[in-house]
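Right, one structure below, let's go through it.
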Amino acid sequence: MKNMLPPTSAQRLASLKPGERIDPEFALEIAQCAPIHSLGEAALRQRRARHSDKAYYVYNQHLNYTNICRNQCRFCAYSKRQGEAGGYTYSLDQARQLLLARIDYPIREIHIVGGLNPDLPYAYYLDLLSLCREIRPQAIIKAFTAVEVAYFADLTGRNEATVLEEMRESGLQVLPGGGAEVFSPAMRAQLCPEKISAKRWLYIHGLAHDMGIQTNCTVLFGHIETWEDRIHHLEQLRQLQDEHPGFICFIPLAYQPLNNALSAPGPTGEEYLRMIAISRLFLDNIAHIKAYWAFAGIKAAQMALWAGADDFDGTIVEEKIGHAAGADSPRGLTITELFQIIEATGFIPVQRDTYFNEIHS
Ligand code: SF4
């Protein structure tokens, strides 16, 4: 029950040392029972021990190349079936135009994800990477979730290592963290039965790390999953990072409730902050926790910086996936707006690249 933490556990939470590992049982207890201010304060201490008062942001551009997808994940409001109204796929020329439209801005990262579109050949994805590399030679290309990588492997009969190597040769540098959803098999069976298993998602990220390709990781929370499912998910990520290090940043994605097949309300603001805080406390081996403003909303993301998050993501322009499901945040921010939003929280805005190298220009 919230606000009913036994005194010994309250004392333990208040006296955690920087980077101290906590076990799943204690994590579950404090996530569910600690008063939010105690949980947030403990996470804030861990965040400050790592990053002082810096709050990172990135000058980035999203490229969602298609919303046509052969899967039908129940939480997804973004995807369309082949031939369905509202479906789109960017030709390489359209992708070129979108990239060139922002060529005067010093963008540091191109983030590419899309649906599993049966009409696209494998060569399209390699050409898309080459195109980004040609137009944006200085930007880091973060492209294709493990779900897409698995799809490309199945499409072509290649193994995942070959796909990753060919993608890297065409320009891919980092994998985004999407597609993890919730690792619990029971939840996955209800939420996204056609999607790759948690085991394959984790395998692809571990493989990428072993190949020297760093990645991000996510959880989609605030729908039908339990706190047990959330802690189990964090446990799987922490274990993978111990065994195959390479995660840069963890991103708790707040479920968006509109236009999809689930009838769940989405997380409250308090639940969002609890998830951010427990992520910071549990994932002692992942350096960064992201307050993803496009899904959480700007005000909740600002608060999250005080509850353990150290990164605010970026300019985006233009976010499509969360907005299809009712996100009421802007679709993008200017770099000045982003700076001012972070500065208003009392933290120090620091521009970064995808690897969190600081950019001082
Ligand atoms: S979440 Fe991804 S894989 Fe699932 S339906 Fe949407 S676009 Fe397709």
| task | Would you mind finding the longest exposed-site-free stretch of the chain, with exposed GluC sites (Glu not before Pro) meaning DSSP loop and at most 15 other Cβ atoms within 10 Å? | result | 195-317
| Shape of the stretch 218-361 from its Cα gyration tensor (a ≥ b ≥ c, root eigenvalues): rounded if a/c is under 1.5, otherwise prolate when a/b > b/c, or oblate? | oblate
| field | Pairwise Lys count, the chain - Cα closer than 30 Å, eight or more residues apart or different chains | value | 27
| remark: In nanometres, the difference between 0.36 nm per residue of separation and the alpha-carbon distance of ASN159 and LEU100 is 17.9 nm
| Which of CYS69, CYS217, CYS33 comes first, and how do the rest follow, when ranked by fewest Cβ neighbours within 10 Å? | CYS33, CYS69, CYS217
| query | Using alpha carbons only, how many degrees (0 to 90, rounded to 10) separate the axis of helix 198-210 from the longest principal axis of the chain? | reply | 80
| query | How much of the DSSP beta bridge set in the chain is antiparallel, as a percent to the nearest 5? | reply | 5
| Given the options SER52, SER91, SER15, which has the most mean-square fluctuation in a GNM of the chain, springs set between C-alpha atoms less than 10 angstrom apart? | SER15
| What chymotrypsin sites (Phe, Trp or Tyr not before Pro) in the stretch 240-295 are in a loop by DSSP, with at most 10 other Cβ atoms within 10 Å of the Cβ? | none
| For the stretch 150-262, what does the equivalent ellipsoid look like in terms of its semi-axes, each the square root of 5 times an eigenvalue of the Cα gyration tensor, given largest first in whole Å? | 25, 17, 13
| Isolated Cys residues of the chain, judged by Cβ distance under 4.7 Å to other cysteines | CYS33, CYS69, CYS132, CYS217, CYS249
| task | Using the Karplus curve 6.51 cos²θ - 1.76 cosθ + 1.60 with θ = phi - 60°, work out ³J(HN,Hα) for each residue of the stretch 316-324 in order, rounded to whole Hz, and write x for Gly and Pro. | result | 6, 5, 10, 6, 10, 6, x, 6, 5
| remark: With only helices counted (DSSP H, runs n ≥ 4, each -39500 (n - 2.57)), the per-residue ellipticity at 222 nm for the chain, to the nearest 500, works out to -12500 deg cm²/dmol
| Only Lys, Arg (+1) and Asp, Glu (-1) charged, at Cβ; the chain dipole about Cα centre in debye | 320
| field | Formal net charge of residues neighbouring LEU16 (Cβ-Cβ distance under 14 Å; K, R +1; D, E -1) | value | +3
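FYI, it's all coordinate maths here, none of it is from the lab. Treat the numbers as computed from the prediction; the structure is a model and nothing was measured. Quick reminder, even Gly has a Cβ in these numbers, built from the backbone with ideal geometry, and neighbours come from all protein chains shown.
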